[in-house]
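Down below is the structure, laid out as structure tokens.
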Amino acid sequence: MQRRTFATRTALSLIAASALLWGCSKSAPEQAASAAASAGAAAASYTKVVVGLDDNFPPMGFRDEKGELVGYDIDMAREAGKRLGIEMEFKPIDWSAKEAELNGKRVDMLWNGMTITEERKKNVAFTKPYMQNHQIIIVTAKSPVQAKADLSGKVVGVQDGSSAVDAVAKEADLAKSMKEIKKFGDNVAALMDLNTGRLDAVVADEVVGRYYTSKKPGEYRVLEENFGSEDYGVGLRKEDTELLAKLDNALDAMKTDGTAQKIYAKWFEEAKK
């Protein structure tokens, strides 16, 4: 799958922020070896985990032209699984029901650009943050909307169950002034409605918003303002403390030895050009 290009200043800030989290470390080799050994310790208790994801969330997790699951989070999960000696099975789910899927043990992890929030922490155990994201505002190129305040009286689309819902709700006065906040099964469907004029704006994760709009140059515009920044983490059941610790160690090792940066470059490098 070819790498995708995001072409704006805000996208560059996303890359820079993410690089701070996953920057290629120059730590001593023994640190990487120690972290890797710790990650793999006692892995025999886990032979396979089922990873729940939204398979229409490019470039984190989506289907390519052949219908195969690909993406940044897919590659990260597979590498972590290899280090832990655990098979990673990917299962597309209804993202709005992700916590029910996890705690109902139909999946064992939620790994697909999942924002760490205080509300979610009540039901989900998160790894350390591995990427920073923003909730951006997307409008059509010819839209009269120039700022957040212009969303008053407008129909705004968000993905149901996503952190965009909470981000908009936090700005209560603005949210109340909107004509309607319309929820969709995924961001791509919302952006399609924006393009056809059924929406005035879409609030979405920057990674997917930039990816989608970059494929349709001249059709969309991203506002300078956004609905705040947030961190992505991998979600597990609260009782899976051992697995969480191992996964954190594996992610630390991937950061230390540069593997995480290589995966990051595969999916985001061209954004720097």
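The values are calculated or read from the model by the stated rules, or taken from the named source; none is laboratory data. From a predicted model like this one, the values you see are computed outputs, not experimental measurements. Cβ placement follows ideal geometry from the backbone for every residue including glycine, while neighbour counts extend to all protein chains displayed. Quick note on the areas: whole protein, heavy atoms, side chains included, nothing else; ligands and nucleic acids left out. Shrake-Rupley method; radii C 1.70, N 1.55, O 1.52, S 1.80 Å.
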(message) Looking at segment 231-249 only, could you name the residues that are open to solvent by 10 Å² or more (accessible area, probe 1.4 Å) and small (G, A, S)?
(response) A245
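Here are some residues: A16, A35, A43. Which one is more than 20 Å from V188 (Cβ to Cβ), modelled with pLDDT under 50 and surrounded by fewer than 15 Cβ atoms within 10 Å (Cβ to Cβ)?
Details: A35 fails: surrounded by fewer than 15 Cβ atoms within 10 Å (Cβ to Cβ); A43 fails: surrounded by fewer than 15 Cβ atoms within 10 Å (Cβ to Cβ).
Only one candidate passes the filter, namely A16.
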(message) Condition first: in contact with a Gly (Cβ under 8 Å, 6 or more places away or on another chain) and free of Cβ contacts under 8 Å to residues at least 40 places away in the same chain. Now tell me which residues in segment 48-89 satisfy that.
(response) D55, F62, L69, I74
(message) Looking at segment 161-194 only, could you name the residues that are of a type outside the set (A, V, I, L, M, F, W, C) and more than 23 Å from the chain's Cα centre (by Cα)?
(response) D173, K176, S177, K179, E180
(request) For segment 132-230, please list each of the helices (runs of 4 or more DSSP H) lying entirely inside it that holds at least 2 residues being open to solvent by less than 30 Å² (accessible area, probe 1.4 Å) and in contact (Cβ under 8 Å) with a residue 40 or more places away in the chain. (result) 163-170, 187-196, 206-214
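Kindly indicate the residue of segment 87-126 that is assigned to a helix (DSSP H, G or I) and polar (S, T, N, Q) and also surrounded by the most Cβ atoms within 10 Å (Cβ to Cβ) among those meeting that condition.
First pass over segment 87-126, keeping only residues assigned to a helix (DSSP H, G or I): 95-103, 118-121.
Keeping just the survivors that are polar (S, T, N, Q) gives 96, 103.
Values: S96: 17, N103: 14.
The residue in question is S96.
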